[in-house]
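J.: Can you keep this structure in mind? I'll have questions shortly.
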2 protein chains.
Amino acid sequence: MNVLIVYWHPEPASFNAAMLRTAQKTLLAQGHDVQTSDLGAQSFNPVSGRHNFTLAANAEYFKQQHEEQHAVEQHCFSDDVAAELEKLAWCDLLLFQFPLCWFAMPAMVKGWIDRIFVYQQTYCQEARYECGRFTDKQALLAVTTGDPKCMYEPDGAHGDMLGVLKPIHRGVLAMTGFQVLPPFIAYEPAELSEQERIVLLDQYQSRLENITRDTPLSIPPFKN
Amino acid sequence: MNVLIVYWHPEPASFNAAMLRTAQKTLLAQGHDVQTSDLGAQSFNPVSGRHNFTLAANAEYFKQQHEEQHAVEQHCFSDDVAAELEKLAWCDLLLFQFPLCWFAMPAMVKGWIDRIFVYQQTYCQEARYECGRFTDKQALLAVTTGDPKCMYEPDGAHGDMLGVLKPIHRGVLAMTGFQVLPPFIAYEPAELSEQERIVLLDQYQSRLENITRDTPLSIPPFKN
């Protein structure tokens with residue numbers, strides 16, 4: 001498989017960074033090809049705008065979808081967007097590695113979606129959910145939390161984790177056709193001992209060693 | 001009431017910008033005080049990191065919550081974060097105006113949350129949900145969509161809108177104690193006629209004229 005890892009964390013010695021290295025090493029050892037978009041290292045700009053494009057379809061009024069359609073036809077994406085679009089097209093598995101921030105992607109990762117999931121190439125009116133562009137691709141969220149697992153149970157304070165992740169799983173990934181694999185959640189690594197963290201990384205490694213045998217989540221209603 | 005409007009849209013002539021102007025005008029006419037964080041105009045940086053602070057608690061290992069706690073005690077937030085924290089403390093109503101992007105806040109608005117909802121000042125282990133810091137404040141999402149209302153019904157392709165907004169309503173706003181008012185959703189303004197857009201802005205104006213009589217949503221389970 002071709003695997004694209006989209007990663008962000010502000011601390012290079014973080015548990016997220018350790019998960020990234022575990023994924024890179026494990027997937028390569030399994031014979032997969034791996035590319036990483038390390039958004040912090042790339043100084044990726046997460047804010048969408050006219051700078052996504054080198055030419056404008058309409059210089060008077062900026063509508064992102066119109067500009068994206070124009071840029072797909074005219075090949076006029078900015079270099080940073082074009083590079084990520086190429087990696088996205090290349091991958092069979094899209095793996096996100098980030099700390100869950102306020103029940104969602106941190107701004108940097110959200111900005112990668114906002115700028116790279118372009119109209120026409122990633123989705124259009126007719127190409128969504130089971131008719132999506134990416135039905136031959138899989139996606140996996142690997143995230144860390146600051147709170148314990150019990151708070152993300154159905155009767156926990158935050159509600160169940162799959163509910164928390166639903167806008168990402170359904171609205172970003174299933175919407176564009178991805179087969180969404182069950183997420184790998186590392187609960188509150190900051191509270192774990194060194195030994196417990198190693199066990200958790202080992203579990204992540206085992207999960208990735210068997211990733212090709214994973215069963216995707218069923219995300220209803222999958223209709224257009 | 002003191003109202004803080006947090007706004008982002010890349011096009012100054014957008015319907016989002018018209019909603020912003022409607023809100024500013026209407027709320028002022030009702031005798032409220034209004035401040036606006038126009039994140040694009042401010043060139044707000046949505047990415048969190050060491051630049052949030054002028055001094056470091058730990059220069060070796062960056063953990064945002066620890067640095068935030070230190071900055072609350074030592075008053076060493078960067079100027080841009082400090083200015084937003086002051087506006088957040090000042091407001092009785094926090095009003096977000098943005099286009100719903102991929103079932104979530106656009107990166108710019110998400111980055112405002114990531115950087116400004118700081119540990120200790122906005123929440124801590126003991127101060128969450130009904131024990132949150134902001135139980136005397138209200139919050140309102142005013143958003144636009146690209147898809148029609150029928151796609152955001154419970155049996156629509158995207159699932160019901162309150163489910164889509166739940167991570168924001170519950171995980172960001174209720175989590176920090178806010179009373180969450182029912183959102184104002186402007187469905188696919190890009191597909192409306194000029195006349196229909198004016199009607200929609202009138203509806204928004206009426207809603208805001210009666211905002212002090214609104215009943216907050218009930219967001220279970222509201223327990224710590």
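J.: Return the residues of the range B:48-77 that are out of contact with any strand residue (DSSP E or B) (no Cβ under 9 Å at 6 or more places or on another chain), within 18 Å of A:Ala13 (Cβ to Cβ) and of a type outside the set (A, V, I, L, M, F, W, C); say none if nothing qualifies.
T.: Of everything in the range B:48-77, those that are out of contact with any strand residue (DSSP E or B) (no Cβ under 9 Å at 6 or more places or on another chain), within 18 Å of A:Ala13 (Cβ to Cβ) and of a type outside the set (A, V, I, L, M, F, W, C) turn out to be B:Gly49, B:Arg50, B:Asn58, B:Glu60, B:Tyr61, B:Lys63.
J.: Give me the pairs: first residue in the range B:197-224 and more than 20 Å from B:Leu162 (Cβ to Cβ), second residue crowded, with 17+ Cβ neighbours inside 10 Å and at pLDDT below 95, beta-carbon distance under 8 Å, and six or more apart or on different chains, which are they?
T.: From the range B:197-224, the pairs are B:Asn224/A:Ala157; B:Asn224/B:Arg128; B:Asn224/B:Tyr129.
J.: Inside the range B:204-213, can you point out the residues that are assigned to a helix (DSSP H, G or I) and either loosely packed, with under 12 Cβ neighbours inside 10 Å or touching a strand residue (DSSP E or B) at 6+ places or on another chain (Cβ under 8 Å) (or both)?
T.: B:Tyr204, B:Ser206, B:Arg207, B:Ile211, B:Arg213
J.: Taking A:Asp136 and the conditions (1) outside any loop (DSSP other than H, G, I, E, B); (2) surrounded by fewer than 22 Cβ atoms within 10 Å (Cβ to Cβ); (3) at pLDDT 95 or above, which numbered condition does it fall short on, given that it satisfies the others?
T.: (1) is the only condition that A:Asp136 fails.
J.: Quick one: in the range B:50-67, of everything that is in contact with a helix residue (DSSP H, G or I) (Cβ under 8 Å, 6 or more places away or on another chain) and in contact (Cβ under 8 Å) with a residue 40 or more places away in the chain, which residue is surrounded by the most Cβ atoms within 10 Å (Cβ to Cβ)?
T.: B:Asn52
J.: Are there any pairs with C-beta distances below 8 angstrom linking a residue in the range A:70-94 that is among the acidic types (Asp, Glu) to a residue that is part of a helix (DSSP H, G or I), with the two at least 6 apart or on different chains, and if so which?
T.: What qualifies is A:Glu84/A:Trp112; A:Glu84/A:Arg115; A:Glu84/A:Ile116.
J.: Being away from every other protein chain (no Cβ under 12 Å) and within 29 Å of B:Leu192 (Cα to Cα) narrows it down to one of B:Ala139, B:Ala157, so name that one. Explain how you work it out, then say what you get.
T.: Values: B:Ala157 fails: away from every other protein chain (no Cβ under 12 Å).
Only one candidate qualifies: B:Ala139.
J.: I've got another one for you. Taking the conditions exactly as written (aliphatic (A, V, I, L, M) and not in a loop (DSSP other than H, G, I, E, B)), does A:Ala190 satisfy them or not?
T.: yes
J.: May I ask you to list the residues in the range B:106-136 that are under 29 Å from B:Leu201 (Cα atoms) and at the interface with chain A (Cβ under 7 Å from one of its Cβ atoms)?
T.: The answer is B:Pro106, B:Ala107, B:Met108, B:Lys110, B:Gly111, B:Ile113.
J.: Going by the structure shown, is A:Trp102 of a type in the set (Phe, Trp, Tyr), surrounded by fewer than 21 Cβ atoms within 10 Å (Cβ to Cβ) and within 11 Å of another protein chain (Cβ to nearest Cβ)?
T.: Spelling it out, A:Trp102 is indeed of a type in the set (Phe, Trp, Tyr), surrounded by fewer than 21 Cβ atoms within 10 Å (Cβ to Cβ) and within 11 Å of another protein chain (Cβ to nearest Cβ).
The values are calculated or read from the model by the stated rules, or taken from the named source; none is laboratory data. Every value quoted in this text rests on a predicted model; they were computed, and no experiment measured them. Positions of Cβ are generated from backbone atoms using ideal geometry, with glycine treated the same way; all protein chains shown enter the neighbour counts.
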